[in-house]
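The values are calculated or read from the model by the stated rules, or taken from the named source; none is laboratory data. Remember, it's a predicted structure, so these values are computed and weren't measured experimentally. A quick note on method: Cβ atoms are made from the backbone with ideal geometry, for glycine too, and the neighbour counts reach across all protein chains shown. Note: accessible area is taken over every heavy atom of the protein model, side chains too, but ligands, DNA and RNA are not part of it. Shrake-Rupley method; radii C 1.70, N 1.55, O 1.52, S 1.80 Å.
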Amino acid sequence: MANEEKPKIKLAVYWGAACGGCCVSVLDVHESLFTVVEHADLVFWPIALDFKYADVEAMPDGHIDVTLFNGAVRNSENEHMAKLLRQKTKVLVAYGSCAHMGGIPGLANFTTKEEIFNRAYVTSESTVNPDKVFPRPEYEVPEGKLEIPVFYNDVRSLGQVVNVDYYLPGCPPQTERLVEVFMAIVTGAELPPPGSVVGALEKTQCDECKRKKSDNKKIKQFYRPWQIEDDGETCFLEQGVICMGPATRGGCGVRCIEGNAPCRGCYGPPVNAPDPGSKMMSAIATMIDSDDPGEIQKIVGTIDDPAGIFYRFSLPGSILRRKMT
Ligand code: SF4
Ligand code: SF4
């Protein structure tokens, strides 16, 4: 009897508030692309193929087997597409740091919509806008009404807008992890319960890192990476350079550290320490070389932009979510 060919899965890729890096990482699968194409038909991927939103709206609910949604939710268009793709998709994957926890666009939660508009449309050096004209979501012209998406005050992760089946972290995720997770879905392999992080480890970057660590190294000052001569062997934190390893899941193959750059936390926090900022504060507290409150404050003050470093990829998804205004 001839082998019955397994039907291909229907795959969609979409970007919300994103830089494009996640979409490029999907292309980065190189020869594995043939494996993907062998098992999947792309039914929607605006960056690469000419599909319209109306094509998705016309699909029956649950028509798409897997959607890789990258990017955060920053405006009404992102939110509309998140909800639409949720409705049309069986397995919705938050792909990359921005969809996972808000990512780099989520740093905008340290400010407000008003401050961003004022900087972009009034005070930026290249702008001349004496009448302070700002973008309007709706604008009447003789030919009819023009509409642009509504810019929200808060950036949200995908999981803060719709139910997500799996989170595949990374900025962007490592391509090998994408292929592994994709093949697991295609072959029906056992996957963790919906809502889980996949393609990453439970342990931290420090558990995977080969740099030398001592038990009791104390720090008198913190440095930016360019301010020290890295010896290439010793733990960055022990050299006084902030490395997010203790507060970040492993799974990327410690790529940044292998390239002599400290971890910046794009794989998100490990299960037992869900808030990267508090985990880093506790890791750093054990290393400060002083018992004097004034001196401790001075040493901590040498960390440049602590909130921006500790929550670089995770502010909307953290317990802080945003700066209070
Ligand atoms: S996770 Fe990184 S690569 Fe992906 S869209 Fe966000 S900023 Fe770009
Ligand atoms: S803090 Fe960074 S450099 Fe140090 S062990 Fe952890 S991952 Fe490696």
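Summary table
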read-out	value
Inter-probe distance in nm under a simple model that places probes 7 Å from Cα toward Cβ, at residue 37 and residue 132	5.4
Angle in degrees between helix 175-187 and the longest Cα principal axis of the chain, rounded to the nearest 10	40
Extension gain (nm, one decimal) between residue 47 and residue 30, 0.36 nm per residue minus Cα-Cα	4.4 nm
Stretch gain in nm, segment residue 233-residue 151, where the contour uses 0.36 nm per residue and the Cα spacing is subtracted	25.0 nm
Flagged links, alpha-carbon separation over 22 Å, of 113/323; 6/90; 88/203	88/203
Convex hull of the range 50-121 built on C-alpha atoms - directionally averaged projected area, nm²	5.9
Surface accessible to a 1.4 Å probe, residue 115 within the full protein complex, Å²	110
DSSP-defined beta bridges in the chain - what % are antiparallel, rounded to 5	25
Accessible surface, per residue, of the range 195-301 when the full set of protein chains is kept, probe 1.4 Å, Å²	52
Rounded if a/c under 1.5, otherwise prolate or oblate - the range 105-177, Cα gyration tensor axes	prolate
Over the chain: helical MRE at 222 nm, DSSP H runs n ≥ 4 each giving -39500 (n - 2.57), nearest 500	-7000 deg cm²/dmol
Tail weight of P(r) past 22 Å, computed on alpha-carbon pairs of the range 205-310, percent	26
Residues residue 6 and residue 116, FRET efficiency given R0 of 51 Å [Cβ-Cβ distance, rounded to 0.05]	0.60
Calculated FRET value between residue 139 and residue 210, using beta carbons and R₀ = 56 Å, to 0.05	0.50
Accessible-area ranking of 156, 249, 136, largest first, probe 1.4 Å	136, 156, 249
Calculated log₁₀ intensity ratio I(q)/I(0) where the Debye formula runs over C-alpha points of the range 177-224, q = 0.17 Å⁻¹	-0.70
Those Cys residues of the chain for which no other cysteine Cβ falls under 4.7 Å	19, 22, 23, 98, 206, 209, 235, 243, 252, 256, 263
Overall Cα dimensions of the chain - principal axes, largest extent first, Å	70, 69, 30
In sequence order, calculated HN-Hα J values of the range 273-288 (Karplus, 6.51, -1.76, 1.60; Hz; x Gly/Pro)	9, x, 10, x, x, 5, 5, 5, 4, 6, 5, 6, 4, 6, 9, 6
Neighbour-limited loop hits for trypsin sites (Lys or Arg not before Pro), the range 50-154 (at most 15 other Cβ within 10 Å; DSSP other than H, G, I, E, B)	52, 132
Carbon plus sulfur fraction of accessible area for the range 45-175, probe 1.4 Å, in percent	54
